[in-house]
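This report refers to the structure that appears directly beneath it.
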Protein chains: 2
Amino acid sequence: MSISSGDPLALLNGITSGQRRALARAISFCENSPDESRPLISALYRSKRLGRSKVVGITGSPGVGKSTLTGFLIRHLRTRGYSVGVILIDPSSPFTGGALLGDRIRMSESNTDTGVFIRSMGSRGHLGGLSLATQDTVSLLDAFGFDYILIETVGIGQAETEIVKTADLTVVVAVPGLGDEIQIIKAGVMEIGDIFVVNKADKDGAEKVITEINMMLDMAPGVPGKDLPRPPVLRCIANRDQGVSELLTAVDERWLQLDISDILLVRRRERIWQAVNESLHYSLMLNLRPYLSVPSRHSLVERIRLGESSPFEEAQGLLHQKFF
Amino acid sequence: MSISSGDPLALLNGITSGQRRALARAISFCENSPDESRPLISALYRSKRLGRSKVVGITGSPGVGKSTLTGFLIRHLRTRGYSVGVILIDPSSPFTGGALLGDRIRMSESNTDTGVFIRSMGSRGHLGGLSLATQDTVSLLDAFGFDYILIETVGIGQAETEIVKTADLTVVVAVPGLGDEIQIIKAGVMEIGDIFVVNKADKDGAEKVITEINMMLDMAPGVPGKDLPRPPVLRCIANRDQGVSELLTAVDERWLQLDISDILLVRRRERIWQAVNESLHYSLMLNLRPYLSVPSRHSLVERIRLGESSPFEEAQGLLHQKFF
């Protein structure tokens, strides 16, 4: 592909001058060539154009209506005059990739609007890992200048929940009748939610779910030393556009609370630290590549399999061979 | 806890002489002290007691009845005279931990049987990561001498799907009426299944799900150069113990096919390689710890936040500072 041979500086210039095609190419470049794209990402960080977008995570179990909600959030953001970049984390695999595109099509009207940019990412098939790919995309959308960045992801799974840490704040979506409170518990997202919203709030059991979430939030410990109000629990009927505008107002309010209490700064520092961590692992593997030819890798594995060595000893050996 | 100060050799001796308490303590030790437990795990690898258990993954969306199925699989394994270790990966968080124990209680009858050992692990809160903790536990159960090791995990999420790679073979569980084929697609587990089983097969829509899975399997590419039959699609009604014995027979049959075709060996080598990879990252962080005091970490993050540096450059710098 000609994309991977693209000139990083040309791409960066394209992005900062508002060229959507440069943005799309840069995202693909980072997805497909996590190593070759490091200079581009480093230049982004040094461009002093990062940290201006409000990054909002939207998470919840499959079937709670995240896509519909995201669609209407985009519409309301546009009505209020904001531009928005959207990242959809799709847990389908490469083998079945595209099968979930059906429920994305609803969003396609946004594709003719230059104030909206939507990107889908699979849970797998990223050489540098999903988390790195998401962080890169957030940085690219941020540098491009979007007022808001929405990240929609399934709230189940270790890697997927980690992704929420890429956001400034997170909206957790629930619905009645989906195994009741279990959906929140299973999702394990109770402690990462800044705002909870019960979708399909006209359905039986909505009040029960709302009460349960409120109870759990009342029991949860607050942030020590910070004067942060408890997360609100809202209700909406996304497919009738009821409650979505209120949700957006709550997002802005919460973002301000996080900003004033310095929690936003803490989270952004944490996000940077995580990026350093991932870069460390990535740099290590790049540095070790020459020592891990197919035959030497094979004999390393065989030594372990035959009980002559262990993974930890081989790892230590590799680090010493290369670095000491 | 006194566990972390335990003598690795004493623990290893306890495990290899069949002491369940030593086994339980060793698992906790690896969970709580991933660094201090490396010598124990290294000794395990060198004990030449690994690779004897049949490791079976059981995965599927929430609500398909994995726990019930696992419970009856344990019973049938015991009836056939086999011992079995069980790892339950529980995606609930520390905050809400224990809330899912309800559906575990059904299994408690197995707790009085010394041929069965059951261990629950949360998706988070593992210092060394869930994948490392699972691999360690598999190694410990393997060295203890269980004939079978069952790993039950939700088939959603990158980290959770990775865990399946810890198994020799994987059973994917589906049910009718849970968003039809989407459950399989969303789970992204189509290509990792060695056996597919449709639970609650007496319910409406069972035949539809079976047909759909069969169609998807017919479209899927086989393993190149390997004479491996296509994965079977079975049906069962786990809570009435219908079809579970047949599933177990299918597991044994598939295991033999994988063994004969050398795919089992390839998978086990891949598993070892993954353990080396995780150990590499882990060793790196251990080695860098002295360079990452709170103040130096803070100024590193601030350099990046203020646009004077980037994660990749700082990572490279750390590697060079320490290792070159």
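Summary table below
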{"quantity": "Residues of segment A:24-42 satisfying the condition of being within 12 Å of chain B (Cβ to nearest Cβ), open to solvent by less than 30 Å² (accessible area, probe 1.4 Å) and out of contact with any Gly (no Cβ under 7 Å at 6 or more places or on another chain)", "calculated": "A:CYS30, A:SER37, A:ARG38, A:LEU40, A:ILE41, A:SER42"}
{"quantity": "Selection within segment B:52-71 - among the β-branched types (Val, Ile, Thr) and over 15 Å from the mean Cα position of the chain (by Cα)", "calculated": "B:VAL64, B:THR68"}
{"quantity": "Unique match (being at pLDDT 70 or above, open to solvent by 40 Å² or more (accessible area, probe 1.4 Å) and either within 14 Å of another protein chain (Cβ to nearest Cβ) or touching a Leu at 6+ places or on another chain (Cβ under 8 Å) (or both)) among A:ASP194, A:ASP218", "calculated": "A:ASP218"}
{"quantity": "Hits in segment A:295-307 - residues which are charged (D, E, K, R) and either touching a Phe, Trp or Tyr at 6+ places or on another chain (Cβ under 9 Å) or at the interface with chain B (Cβ under 7 Å from one of its Cβ atoms) (or both)", "calculated": "A:ARG297, A:ARG305"}
{"quantity": "Pairs with Cβ under 7 Å, 6+ apart, first in segment B:165-187 and facing chain A (nearest Cβ under 8 Å) and open to solvent by 50 Å² or more (accessible area, probe 1.4 Å), second at pLDDT below 90 and part of a strand (DSSP E or B)", "calculated": "none"}
{"quantity": "Some residue of segment A:272-283 being charged (D, E, K, R), free of Cβ contacts under 8 Å to residues at least 40 places away in the same chain and either surrounded by 15 or more Cβ atoms within 10 Å (Cβ to Cβ) or more than 7 Å from every other protein chain (Cβ to nearest Cβ) (or both)", "calculated": "no"}
{"quantity": "Yes/no for B:ARG20 being in contact (Cβ under 8 Å) with a residue 40 or more places away in the chain and surrounded by fewer than 15 Cβ atoms within 10 Å (Cβ to Cβ)", "calculated": "yes"}
{"quantity": "Segment A:44-82, subset small (Gly, Ala, Ser) and open to solvent by 30 Å² or more (accessible area, probe 1.4 Å), residue farthest from the other protein chains (Cβ to nearest Cβ)", "calculated": "A:GLY81"}
{"quantity": "Tabulated pairs, segment B:59-82, first within 14 Å of B:TYR148 (Cα to Cα) and charged (D, E, K, R), second open to solvent by less than 20 Å² (accessible area, probe 1.4 Å) and modelled with pLDDT under 95, C-beta under 6 angstrom, 6+ apart or interchain", "calculated": "B:ARG78/B:GLY115"}
{"quantity": "Residues of segment B:255-265 classified as within 19 Å of the chain's Cα centre (by Cα) and in contact (Cβ under 8 Å) with a residue 24 or more places away in the chain, total", "calculated": "4"}
{"quantity": "Verdict on A:GLU313 being among the acidic types (Asp, Glu) and without any contact (Cβ under 8 Å) to a residue 60 or more places away in the chain", "calculated": "yes"}
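The values are calculated or read from the model by the stated rules, or taken from the named source; none is laboratory data. Please read these numbers as outputs of a predicted model, since none were measured by experiment. Here Cβ is always computed from backbone atoms with ideal geometry, including for glycine, and neighbour counts include all displayed protein chains. Note: areas computed on protein heavy atoms with side chains; ligands, DNA, RNA excluded. Shrake-Rupley method; radii C 1.70, N 1.55, O 1.52, S 1.80 Å.
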